[in-house]
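Visitor: Structure below; questions to follow.
The values are calculated or read from the model by the stated rules, or taken from the named source; none is laboratory data. Source: prediction; values computed, not measured. Heads up, the Cβs are rebuilt from the backbone with ideal geometry, glycines too, and the neighbour counts pull from every protein chain shown. These area figures cover heavy atoms from the full protein model, side chains too; ligands, DNA and RNA do not enter into them. Shrake-Rupley method; radii C 1.70, N 1.55, O 1.52, S 1.80 Å.
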Amino acid sequence: MRLEPAPVAEQQGLWWKPPQARFRPTTDARLNALRHSFYGDAIAALKPGRAVTVTTYVLASPGVDVDATHELLGRHARDRGWTVHRDRFTDTPVNGPLPIRPQFNLACRHAGAGFATGVLAVGRAAMPSTDETYESYLHWLHSRCAFIAFLQPQPGGSPWDAQ
């Protein structure tokens with residue numbers, strides 16, 4: 001976990017003892033830890049014998065092969081023993097960044113309604129750009145025993161190299 005120095009205003013010391021430098025997790029590290037924690041809670045909440053079902057979400061930047069990315073996410077899910085739901089969600093920014101991601105919202109609602117256990121995406125770059133919005137999606141899904149998972153790097157190279 002990466003740490004950053006806490007602001008001086010948060011470092012209260014006693015008048016006879018100088019304050020010691022304090023550190024706190026960076027925002028990215030805190031959100032990553034929260035996502036991992038919520039993932040564990042969602043998996044633990046599953047009934048015994050029920051398979052983990054995920055839906056795939058892709059933020060299609062210019063030059064991204066959407067079908068290949070969904071296939072890569074599906075292969076990753078199957079390698080983990082998960083079932084891939086037939087619905088796929090893709091947001092395509094037209095001119096510049098996409099502040100509102102309607103397909104991501106639908107993917108989260110799909111998981112929150114119980115059709116899938118989680119949403120599988122390539123990485124943090126596919127999530128909403130503001131940390132507050134991303135955290136609110138994490139909490140909303142957690143309240144419905146669902147999660148957001150990212151594509152994990154493969155040991156021994158890129159999944160694109162394996163054929």
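Visitor: Return a yes/no flag: does region 25-42 have any residue that is more than 16 Å from the chain's Cα centre (by Cα), open to solvent by 60 Å² or more (accessible area, probe 1.4 Å) and either under 17 Å from residue 134 (Cα atoms) or not hydroxyl-bearing (Ser, Thr, Tyr) (or both). Can you show your working first?
Guide: Within region 25-42, the subset more than 16 Å from the chain's Cα centre (by Cα) is 25-26.
Then keep just the ones that are open to solvent by 60 Å² or more (accessible area, probe 1.4 Å); that gives none.
No.
Visitor: Among what's in region 130-163 and is of a type in the set (Phe, Trp, Tyr) and farther than 23 Å from residue 75 by Cα, pick the residue that is modelled with the lowest pLDDT.
Guide: First, the residues of region 130-163 that are of a type in the set (Phe, Trp, Tyr): 134, 137, 140, 147, 150, 160.
From the residues that got through so far, the ones that are farther than 23 Å from residue 75 by Cα too are 134, 137, 140.
Values: 134: 91, 137: 94, 140: 95.
If we take residues in region 130-163 being of a type in the set (Phe, Trp, Tyr) and farther than 23 Å from residue 75 by Cα, then 134 is modelled with the lowest pLDDT.
Visitor: For residue 116, state whether it is more than 11 Å from the chain's Cα centre (by Cα), under 23 Å from residue 72 (Cβ atoms) and in a loop (DSSP other than H, G, I, E, B).
Guide: Answer is yes for this residue.
Visitor: Can you tell me which residue in region 96-113 is modelled with the highest pLDDT, limited to those that are surrounded by fewer than 13 Cβ atoms within 10 Å (Cβ to Cβ) and assigned to a loop (DSSP other than H, G, I, E, B)?
Guide: Initial filter on region 96-113 (surrounded by fewer than 13 Cβ atoms within 10 Å (Cβ to Cβ)): 96-97, 99-100, 102, 113.
This time we only want the ones that are assigned to a loop (DSSP other than H, G, I, E, B), so: 96-97, 99-100, 113.
Numbers: 96: 63, 97: 64, 99: 71, 100: 78, 113: 93.
The selected residue is 113.
Visitor: If you don't mind, another one. Of all residues in region 57-82 being of a type in the set (A, V, I, L, M) and touching a residue at least 40 places away in the same chain (Cβ under 8 Å), which is most open to solvent (accessible area, probe 1.4 Å)? Give the steps one after another, and end with the answer.
Guide: Kept after step one, since they are of a type in the set (A, V, I, L, M), are these residues of region 57-82: 58-60, 64, 66, 68, 72-73, 77.
Next, only the ones that are touching a residue at least 40 places away in the same chain (Cβ under 8 Å) stay: 58-59, 72-73, 77.
On the way: 58: 4, 59: 32, 72: 13, 73: 0, 77: 0 Å².
So, considering only residues that are of a type in the set (A, V, I, L, M) and touching a residue at least 40 places away in the same chain (Cβ under 8 Å), the one most open to solvent (accessible area, probe 1.4 Å) is 59.
Visitor: So is residue 93 at pLDDT below 90, on the phi < 0 side of the Ramachandran plot, in a loop (DSSP other than H, G, I, E, B) and touching a Phe, Trp or Tyr at 6+ places or on another chain (Cβ under 7 Å) or not? It would help to see each step written out before you state the result.
Guide: Details: at pLDDT below 90: yes; on the phi < 0 side of the Ramachandran plot: yes; in a loop (DSSP other than H, G, I, E, B): yes; touching a Phe, Trp or Tyr at 6+ places or on another chain (Cβ under 7 Å): no.
Here the answer is no, as residue 93 does not meet what is asked.
Visitor: Still on this model: All but one of (1) in contact (Cβ under 8 Å) with a residue 60 or more places away in the chain; (2) open to solvent by less than 40 Å² (accessible area, probe 1.4 Å); (3) in a helix (DSSP H, G or I) hold for residue 54; which doesn't?
Guide: Going through the list (1) in contact (Cβ under 8 Å) with a residue 60 or more places away in the chain; (2) open to solvent by less than 40 Å² (accessible area, probe 1.4 Å); (3) in a helix (DSSP H, G or I), residue 54 breaks only (3).
Visitor: Condition (residue is in contact with a Gly (Cβ under 9 Å, 6 or more places away or on another chain), of a type outside the set (Lys, Arg), touching a residue at least 24 places away in the same chain (Cβ under 8 Å) and open to solvent by 20 Å² or more (accessible area, probe 1.4 Å)) applied to region 83-92: is it met by at least one residue?
Guide: As a first pass, look at region 83-92 and keep what is in contact with a Gly (Cβ under 9 Å, 6 or more places away or on another chain): 84, 88.
When the remaining residues are screened for being of a type outside the set (Lys, Arg), the result is 84.
Subset that is touching a residue at least 24 places away in the same chain (Cβ under 8 Å): 84.
Keeping just the survivors that are open to solvent by 20 Å² or more (accessible area, probe 1.4 Å) gives 84.
Yes, some residue in region 83-92 is in contact with a Gly (Cβ under 9 Å, 6 or more places away or on another chain), of a type outside the set (Lys, Arg), touching a residue at least 24 places away in the same chain (Cβ under 8 Å) and open to solvent by 20 Å² or more (accessible area, probe 1.4 Å).
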